[in-house]
Amino acid sequence: MALVSLIQFTCKQPINEKDKNTRSLRNIKIDFLSKNDNLTPEGETFLLKMFDQLHESGYKLSYSELKSFILNLSPTEQWLIKIPYTLPHFQEKASDIDTLFHVLLSNVPFFCRETDSEGICGWIPSFTLMNHILLKISTKPIRMMPIFGSIGYETLQRLHEQGIHPISFYGRDVQSNSVIADSYICGCFLMLIHDIGHAFWGTMLSPDERKIIFKHFIPTLQTLSSLAEEHNDQTFKTSIQIAINDANDFDLTNIKYFLKRNERLYRYLSRTLGVDDQTLFPMCRADFANLGYTFE
């Protein structure tokens, strides 16, 4: 991951000619979580921020357990990649990189924002620590699978059904590197941590909720799509396909909208049926009682 940050934010690693517009030179650093078997000041600040953000997201983890886990990591697993950025609302024209970074720092609790003498930055921890957090908040978290290149919606759906989300790594000799996320021309490092964000948001949905999405909800939409095809209604078919893609996307932002555990699935699926805040089926309400799922 540190290597990918060097590709996007420095000239120390090569980048494809066609992707040079996504490079943004910045003074990135590596902070360390611990030294001599004790948390560093940066490590303590990061752990407190992460702990508080997880608590605000509804996950009450043990501070002492997290601290013990960190202190037993290998040196490279204790790295914090520190990326400076500018708050989007302080820019006359906000860059896609800073805008997406701000969204991720605001919606993924193990990404932390910090202000020091040089300004505002974001801390990104190691995959080992992030996977540990995912295992703490779910018995079956979304597994992160490194890939090179881009994949289509159908492949993504098959992976999501298996509880896997692809994490895009950059390769100079790869012709289909992903550098655009959610319409943001964000570059390779932001693409990578954007994928990590989706793995976290997918983990917020329980295994049973994911089963409802992929075994019931999406197949029902696919049936509607087939009916639209039979009636040559391309407009409706397109709207249904957008809803299918959204249901498959694992996008739970703004995270504060999804904090209520007993309403999370209902809110997630209801939002997939919206176009410009106008639902496709305004007279219908999702009912999962016959699937064994009820809302308190």
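The values are calculated or read from the model by the stated rules, or taken from the named source; none is laboratory data. It should be emphasised that the depicted structure is a prediction, and the values quoted were computed from it without experimental measurement. Quick reminder, even Gly has a Cβ in these numbers, built from the backbone with ideal geometry, and neighbours come from all protein chains shown. Just so you know, the surface numbers come from the protein's heavy atoms only, side chains and all, with ligands and any DNA or RNA stripped out. Shrake-Rupley method; radii C 1.70, N 1.55, O 1.52, S 1.80 Å.
So, of the residues in the range 1-16 that are in a helix (DSSP H, G or I) and either touching a Pro at 6+ places or on another chain (Cβ under 9 Å) or in contact (Cβ under 8 Å) with a residue 12 or more places away in the chain (or both), which turns out to be most open to solvent (accessible area, probe 1.4 Å)? Reasoning before the result, please.
Here is the first cut: in the range 1-16, the residues in a helix (DSSP H, G or I) are 2-9.
Narrowing further to those that are either touching a Pro at 6+ places or on another chain (Cβ under 9 Å) or in contact (Cβ under 8 Å) with a residue 12 or more places away in the chain (or both): 2, 4-9.
On the way: ALA2: 26, VAL4: 7, SER5: 3, LEU6: 48, ILE7: 14, GLN8: 2, PHE9: 2 Å².
Within the range 1-16, the match that is most open to solvent (accessible area, probe 1.4 Å) is LEU6.
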Taking the range 202-249 and keeping residues within 30 Å of ASN107 (Cα to Cα), not in a helix (DSSP H, G or I) and not small (Gly, Ala, Ser) leaves LEU205, ASP249
The lone condition TYR170 fails out of (1) more than 16 Å from the chain's Cα centre (by Cα); (2) open to solvent by 30 Å² or more (accessible area, probe 1.4 Å); (3) in contact (Cβ under 8 Å) with a residue 24 or more places away in the chain is (2)
Taking the range 208-240 and keeping only residues that are charged (D, E, K, R) and touching a residue at least 40 places away in the same chain (Cβ under 8 Å), one is left with ASP208, GLU209, ARG210
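Out of curiosity, is ILE193 of a type in the set (A, V, I, L, M, F, W, C), closer than 25 Å to THR99 by Cα, open to solvent by less than 50 Å² (accessible area, probe 1.4 Å) and out of contact with any Lys or Arg (no Cβ under 9 Å at 6 or more places or on another chain)?
On the way: of a type in the set (A, V, I, L, M, F, W, C): yes; closer than 25 Å to THR99 by Cα: yes; open to solvent by less than 50 Å² (accessible area, probe 1.4 Å): yes; out of contact with any Lys or Arg (no Cβ under 9 Å at 6 or more places or on another chain): yes.
Yes: the conditions hold for ILE193.
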For ASN27, the lone unmet condition from (1) within 21 Å of ILE133 (Cα to Cα); (2) in contact with a strand residue (DSSP E or B) (Cβ under 7 Å, 6 or more places away or on another chain); (3) open to solvent by 30 Å² or more (accessible area, probe 1.4 Å) is (1)
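Would you mind finding the one in ASP19, ASP31 that is in contact with a helix residue (DSSP H, G or I) (Cβ under 8 Å, 6 or more places away or on another chain), under 22 Å from LEU190 (Cα atoms) and in a helix (DSSP H, G or I)?
Of ASP19, ASP31, the one residue that is in contact with a helix residue (DSSP H, G or I) (Cβ under 8 Å, 6 or more places away or on another chain), under 22 Å from LEU190 (Cα atoms) and in a helix (DSSP H, G or I) is ASP19.
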Pairs returned, first residue in the range 241-260 that is free of Cβ contacts under 8 Å to residues at least 40 places away in the same chain and closer than 15 Å to TRP201 by Cβ, second residue that is outside any loop (DSSP other than H, G, I, E, B) and of a type in the set (A, V, I, L, M), beta-carbon separation under 6 angstrom, 6 or more apart or interchain, are ALA247/ILE213; ALA247/ILE218
So the strands (runs of 3 or more DSSP E) completely within the range 55-161 holding 2 or more residues that are open to solvent by 70 Å² or more (accessible area, probe 1.4 Å) and in contact (Cβ under 8 Å) with a residue 12 or more places away in the chain are 143-148
Restricting the range 216-251 to residues that are among the aliphatic types (A, V, I, L, M) and open to solvent by 60 Å² or more (accessible area, probe 1.4 Å), the one farthest from THR272 (Cα to Cα) turns out to be LEU227
Scanning the range 61-100 for residues that are over 21 Å from ASN27 (Cβ atoms) and modelled with pLDDT under 95, the one farthest from the chain's Cα centre (by Cα) turns out to be GLU92
Of the residues in the range 173-190 that are more than 23 Å from TYR268 (Cα to Cα), part of a loop (DSSP other than H, G, I, E, B) and of a type outside the set (D, E, K, R), the one that is most open to solvent (accessible area, probe 1.4 Å) is GLN175
